[in-house]
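**Student:** Quick one: this structure, given as structure tokens, is what I'll be asking you about.
Every number here is computed from the coordinates shown, using simple stated rules; none is lab data. Since the structure is predicted, the reported quantities are computational estimates derived from the model, not experimental observations. Counting neighbours? That spans all protein chains shown, and the Cβs are built from the backbone with ideal geometry, glycine included.
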């Protein structure tokens, strides 16, 4: 397949920013995803623009998610399907941009039995084998 033209690259970025997947865009345009991946690797400006488009895509997905969650349901099957769709979209969004939409994770260090952390510093010049004479 041929390399995408500059016009096609701009269109791809616009469509991805609006929330479409790269697969959808490539299918509609008749372009191979592999060509886009290759172009992303070889063209730094396109790579940076694509990263911004993916961030905008995640924001668009959150907007879609809010609309989806407000969808009225009348049967248990509809409710279950809506729950699946919402959970999937939340999962994808959190993985696409964890800094913006992922669960906050924190690491807490503590000492023995949950007490304060004690840090002991040993100077290499005065290691236990070579204690200074008094």
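**Student:** Give the calculated FRET efficiency between residue 69 and residue 10 to the nearest 0.05, with a Förster radius of 25 Å applied to their Cβ-Cβ distance. Write out the running numbers ahead of the final one.
**Tutor:** Details: r = 32 Å, r/R0 = 1.29.
According to the calculation, E is roughly 0.20.
**Student:** Calculate how steeply helix 33-42 sits against the longest principal axis of the alpha-carbon atoms of the chain, using the helix alpha-carbon long axis, and give the answer as 0 to 90 degrees to the nearest 10.
**Tutor:** Its long axis makes an angle of about 50 degrees.
**Student:** Between residue 33 and residue 78, what FRET efficiency comes out of the Förster formula 1/(1 + (r/R0)^6) with R0 = 22 Å and r the beta carbon distance, rounded to 0.05?
**Tutor:** 0.10
**Student:** What percent do you get for the relative contact order of the chain when only Cα pairs under 8 Å and 6+ apart count? Can you show the working numbers first?
**Tutor:** On the way: 82 pairs, mean separation 24.2, N = 134.
Relative contact order of the chain: 18 percent.
**Student:** Sorted from fewest to most neighbouring beta carbons within 10 Å, what does the list 78, 35 look like? It would help to have the intermediate numbers written out before the result.
**Tutor:** Details: 78 12, 35 15.
Ranked by crowding around the Cβ, least crowded first: 78, 35.
**Student:** Could you give me D for the chain, from Stokes-Einstein at 37 °C and 0.692 mPa s, where the hydrodynamic radius is the Kirkwood radius over C-alpha pairs? Units µm² s⁻¹, please.
**Tutor:** 169
**Student:** Within region 31-57, which residues have the backbone N less than 18 Å from the label spot 7 Å out from residue 3 along Cα→beta-carbon, could you tell me?
**Tutor:** Under cut-off, by backbone N: 31-50.
**Student:** How far apart, in nanometres, would the label points at residue 92 and residue 110 be if each is projected 7 angstrom from Cα along the Cα-to-Cβ direction?
**Tutor:** Spacing of the two 7 Å Cα→Cβ label points: 4.0 nm.
**Student:** Based only on other Cβ atoms within 10 Å, what is the fewest-to-most ordering of 121, 91?
**Tutor:** Fewest-to-most Cβ neighbours within 10 Å comes out as 121, 91.
**Student:** Which length gain, in nm to one decimal place, applies between residue 44 and residue 122 when the Cα-Cα distance is subtracted from 0.36 nm times their residue separation? Let's see the in-between values first.
**Tutor:** Details: separation 78, 0.36 × 78 = 28.08 nm, distance 4.67 nm.
My answer for the length gained is 23.4 nm.
**Student:** Based solely on its DSSP helices, what 222 nm [θ] is calculated for the chain when runs of n ≥ 4 H residues each add -39,500 (n - 2.57) and the sum is averaged over all residues, nearest 500 deg cm²/dmol?
**Tutor:** -19500 deg cm²/dmol
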